[in-house]
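Engineer: Dumping the structure here so I can ask a few things about it.
The values are calculated or read from the model by the stated rules, or taken from the named source; none is laboratory data. Everything quoted here is computed from the prediction, not taken from an experiment. Note: ideal-geometry Cβ built from the backbone for every residue, glycine included; neighbour counts use all protein chains shown. Please note that ligands, DNA and RNA were not included when accessible areas were found on the heavy atoms of the full protein model with its side chains. Shrake-Rupley method; radii C 1.70, N 1.55, O 1.52, S 1.80 Å.
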Amino acid sequence: MRSLIDIVDLTVEEIDELIATANDIIANPDKYAEKCHRKKLATLFFEPSTRTRLSFEAAMLELGGSVIGFSGASNSSAAKGESVSDTVRAVGCYADIIAMRHPKEGAPMIASMRSPVPIINAGDGGHNHPTQTLADLLTIQREKGKFDNLVVGMCGDLKFGRTVHSLIHAMSRYKGVKFVLISPDELKVPEYIIQELDKEGIPYEETTSLEDAMPSLDILYMTRVQQERFFNEADYIRLKDSYILNMDKLETAKKDLCIMHPLPRVNEISVAVDDDPRACYFKQVLNGKYIRMALILKLLEVA
């Protein structure tokens with residue numbers, strides 16, 4: 001039995017395999033319509049979510065399976081003080097696989113040690129979000145046709161943004177990738193990630209200017225400043241509008257720039273950008289369903 005807690009749990013070859021399966025699902029949906037017949041997915045979301053939870057549920061339903069679960073800690077026995085370990089051991093009696101989101105970093109890892117069925121980390125605090133990263137990778141592959149020799153810009157909240165941390169770990173394994181890290185000083189990428197990039201000799205630059213970085217980028221990964229990660233509301237208010245992508249800022253961008261965002265968006269991308277052919281964030285949402293279908297098949301060992 002295998003779980004997915006961190007994107008680096010998967011080898012590059014396994015990621016390629018998942019992407020190939022997802023592309024086959026897109027091309028041949030009927031072939032997969034009953035692959036998970038009589039299988040159940042439990043969605044244990046101790047933290048609010050729209051896209052990720054519904055994406056998992058849609059993925060399982062389109063594979064012919066069914067879904068049980070809850071969408072908030074207040075709707076579970078956690079409200080009574082039950083431990084995560086006990087919750088997953090109990091839910092594992094009802095389901096074949098569990099997708100779990102939790103505000104505490106490391107909670108899905110602890111859950112995977114006690115669970116009788118595979119656990120998929122659907123986001124743990126500011127730490128990891130591996131299935132969002134798989135959705136990001138599928139989007140990059142479908143838009144760019146490759147992962148190597150790309151300049152990847154990350155903009156906004158790089159300190160608390162778990163999607164950013166996971167994508168850096170994933171893209172670091174491909175040749176010729178350079179990162180441009182765009183953020184206010186208060187929201188820079190955590191030092192441990194910088195140390196990893198330095199150790200592996202992966203090129204990167206840190207800047208506070210989106211305008212200066214724009215002309216060199218192949219991919220621009222925008223993120224929102226996350227109010228729920230701040231202890232100080234004044235800091236959030238001061239930083240929340242640090243970067244707003246609009247059509248003016250895109251004037252110097254490459255014609256084939258791929259603009260991505262894990263969503264939800266607040267105001268960091270102008271709605272005017274939505275009609276630009278370079279906007280790929282709603283494609284990411286759809287790709288998330290397909291890659292989660294591929295992952296469920298892999299972890300359930302369904303041929």
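Engineer: Right, ALA135: at pLDDT 95 or above, aliphatic (A, V, I, L, M) and surrounded by 18 or more Cβ atoms within 10 Å (Cβ to Cβ) or not?
Structural biologist: yes
Engineer: Then there's this: Residues being in a loop (DSSP other than H, G, I, E, B) and farther than 20 Å from THR163 by Cα: count how many of those fall in segment 256-277. Please lay out each step first, then the result.
Structural biologist: Looking only at segment 256-277, we keep the residues that are in a loop (DSSP other than H, G, I, E, B), and these are 256-257, 261-268, 270, 276-277.
Retained after the next criterion (residues that are farther than 20 Å from THR163 by Cα): 256, 270, 276-277.
Going through segment 256-277 one residue at a time, the tally reaches 4.
Engineer: Moving on. Do you know which residues across segment 108-132 are open to solvent by less than 10 Å² (accessible area, probe 1.4 Å) and assigned to a helix (DSSP H, G or I)?
Structural biologist: Result: PRO108, ALA111, PRO130, THR131.
Engineer: If you don't mind, another one. Could you please find all residues in segment 98-107 being more than 13 Å from LEU4 (Cβ to Cβ) and either in a helix (DSSP H, G or I) or open to solvent by less than 10 Å² (accessible area, probe 1.4 Å) (or both)?
Structural biologist: Matches in segment 98-107: ALA107 only.
Engineer: Right, ALA59: open to solvent by 10 Å² or more (accessible area, probe 1.4 Å) and modelled with pLDDT of 95 or more or not?
Structural biologist: On the way: open to solvent by 10 Å² or more (accessible area, probe 1.4 Å): no; modelled with pLDDT of 95 or more: yes.
Against the criterion (open to solvent by 10 Å² or more (accessible area, probe 1.4 Å) and modelled with pLDDT of 95 or more), ALA59 does not qualify.
Engineer: Another question, if that's okay. Kindly indicate whether any position in segment 18-31 is open to solvent by less than 50 Å² (accessible area, probe 1.4 Å), at pLDDT 95 or above and part of a strand (DSSP E or B).
Structural biologist: No, segment 18-31 contains no residue that is open to solvent by less than 50 Å² (accessible area, probe 1.4 Å), at pLDDT 95 or above and part of a strand (DSSP E or B).
Engineer: Moving to a separate point now. Out of the residues in segment 147-185 that are over 19 Å from ALA253 (Cβ atoms) and basic (Lys, Arg), which is least open to solvent (accessible area, probe 1.4 Å)?
Structural biologist: ARG162
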